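Each remark here refers to the structure printed beneath this line.
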Amino acid sequence: MTNGNILIEDDNDLVLADYNPLLEQIAGALAKQNPFKISGDRQRLLADIDAIATEVANSEKFQHPLGASARNARAATINFSEPVAAEFRKGIRSLRATLTQKLESALGGETTLEEFAASLMATDLASFQGEPSSKLALTYEFNKVYPGLEKQQLSLKRDNRPGSESILKLHKLAIAVQNTGQFDDQLRQGLENYFKSKDFSEEELEDLQESLDDLIEDRESDYYRILRLMEDSARYQRPIRPARRRADSRLYPGQAALAGTYRQAQT
């Protein structure tokens, strides 16, 4: 955040997951075999991912992402610690580069990856234009206008069951604000600054920005719940020192609930 505002996880005692050893094992399995094959007519790409998964699962060196806490952990966080997160991103990029090399090797140097991908999509899409039939066919009336179509987002039913019954829990969020009157303007800027401070690719930044825009567009989103929480808290805080507020969010099987609490500054 900006101007002394703080937005952090609070009271997080959940077990941390570490998938980096798993990524290393996948990379080791890929080093021994190529999961890609090209069909004889070069019109199909075959990928035997099961062989990679089987080798990793049967390895004596397999490490559970929860480590020593795997047997007794009742809940774990989906968030990574910062060092683990940085290594995880590097591991994913390394696997992507390895898979690209394996696919290029399967092509045998006869064509580039881009040319091969284009050849798989060589069918003229206009050939699929037509009225759908009762028989198995891929035709569709692409140029027909269908009025009244709507886009909806899947949401979970709300309930007021206690958090102890939840399967998935979102972290408790601690918010410390120095100037509540400017919090509305600073929240979006602070989130955007946070995105830019991390090691995200341009594509990832675009996705994050799009998600943030969707939250801001939806007046019932968590973005506005935080703003309303701060507004409600500001009505009761005493102007001695900045108050500390907490927002707690939980997801239940088939339902979700949001609860907000705050602590007033003591005089």
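The values are calculated or read from the model by the stated rules, or taken from the named source; none is laboratory data. In this text the structure is predicted, and so the values were computed from the model without any measurement. In this analysis, Cβ positions are derived from the backbone assuming ideal geometry, glycine residues included, and neighbour counts consider all displayed protein chains. The protein model used for the area step is the full one, side chains on, heavy atoms only, and it has no ligands, DNA or RNA in it. Shrake-Rupley method; radii C 1.70, N 1.55, O 1.52, S 1.80 Å.
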**Fill in**
Each label sits 7 Å from Cα toward the beta-carbon; between residue 149 and residue 61 the label points are separated, in nm, by 5.0 nm
**Asked** Stretch residue 101-residue 86 to full length: gain in nm at 0.36 nm per residue minus the Cα-Cα span?
**Response** 3.1 nm
**Message:** Rolling a 1.4 Å sphere over the protein heavy atoms, what is the accessible area per residue of segment 27-140, to the nearest Å²?
**Reply:** 74 Å²
**Prompt:** For segment 221-232, what does the Karplus curve 6.51 cos²θ - 1.76 cosθ + 1.60, with θ = phi - 60°, yield as ³J(HN,Hα) per residue in whole Hz, taken in order and with x for Gly and Pro?
**Reply:** 7, 4, 4, 7, 5, 5, 4, 5, 4, 5, 5, 5
**Request:** Please sort by residue number the trypsin sites (Lys or Arg not before Pro) in segment 14-75 whose DSSP state is loop and whose Cβ has at most 10 other Cβ atoms within 10 Å.
**Result:** 44, 61, 71, 74
